Amino acid sequence: MRTIWLLGVMLSVAVAAHAGDAAKQKADEAAIRELYVEYDAAWNKGNVAALAMAWTDDAQHVEPDGRVVEGRAALKATFEQRFATDLKDTRSQQTITGIHFATPDVAVVDAAYEVTGVHDAQGQSLPPLQGRYVDIWVKRKDAWYIAADRPLGRAPATH
């Protein structure tokens, strides 16, 4: 009888722990989704400082053309240069297509982007930039940051 009671207690603890983990993961997923909304809002305002703060100090960003930008400081400098030129007054819209938690503190996010309002060096309007990518998010001190991203190729323009 004692064995059955002990098994019942262990099962109850396991079920409660799993429910707590599921609730925590759901909250983390909601937080990450909100961070994408905030990222787009910062982009659309040209707020380079806010964009840079979304990344870890040692982040690695790969541009669709394959160029690699390493570290938050380099990302900020890249954003400053690009928002003064080809990305000036552009609008970003990101769409999350999936979130997978590799661990409780590491999330793999599949997403798509569309950036409108892009101009070339002569000021001529260009078609929207579109594509898909994977972001790796890490949780540090209860906050989520982008540690790395990789493009999956550009989607064809719809316009």
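The values are calculated or read from the model by the stated rules, or taken from the named source; none is laboratory data. Computed from a predicted structure; not experimentally measured. Neighbour counts are summed over all protein chains in view; Cβ atoms, including those assigned to glycine, are modelled from backbone coordinates with ideal geometry.
Observations on the structure shown:
- Residues that are aromatic (Phe, Trp, Tyr) and out of contact with any Pro (no Cβ under 8 Å at 6 or more places or on another chain) were ranked within segment 99-139; the one that is farthest from Asn44 (Cα to Cα) is Phe101.
- A single member of Arg132, Arg91 is basic (Lys, Arg), in contact (Cβ under 8 Å) with a residue 12 or more places away in the chain and in contact with a Leu (Cβ under 8 Å, 6 or more places away or on another chain), and it is Arg132.
- Among the candidates Phe101, Phe83, residue that is farther than 14 Å from Ala59 by Cβ and touching a residue at least 40 places away in the same chain (Cβ under 8 Å): Phe101
- Restricting attention to segment 64-74, the residues being in contact (Cβ under 8 Å) with a residue 24 or more places away in the chain and either closer than 17 Å to Asp40 by Cα or part of a helix (DSSP H, G or I) (or both) number 0.
- Of all the listed residues (Asp89, Asp40, Asp65), the sole one being acidic (Asp, Glu) and within 30 Å of Lys24 (Cβ to Cβ) is Asp40.
This table checks each residue for (1) surrounded by 12 or more Cβ atoms within 10 Å (Cβ to Cβ); (2) in a helix (DSSP H, G or I); (3) modelled with pLDDT under 95; (4) out of contact with any helix residue (DSSP H, G or I) (no Cβ under 9 Å at 6 or more places or on another chain).
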| residue | (1), (2), (3), (4) |
| --- | --- |
| Ala23 | no, yes, yes, yes |
| Ala30 | no, yes, no, yes |
| Tyr36 | yes, yes, no, yes |
| Ala41 | yes, yes, no, no |
| Leu51 | yes, yes, no, no |
| Thr56 | yes, no, no, no |
| Gln60 | yes, no, no, yes |
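- Count of segment 88-140 residues, restricted to those that are surrounded by 13 or more Cβ atoms within 10 Å (Cβ to Cβ) and of a type in the set (S, T, N, Q), is 6.
- Pairs are defined by a Cβ separation below 8 Å, a sequence spacing of at least 6 or placement on different chains, a first member in segment 27-42 that is touching a residue at least 24 places away in the same chain (Cβ under 8 Å), and a second member that is of a type in the set (A, V, I, L, M) and exposed (fewer than 14 other Cβ atoms within 10 Å of the Cβ); no pair meets this definition.
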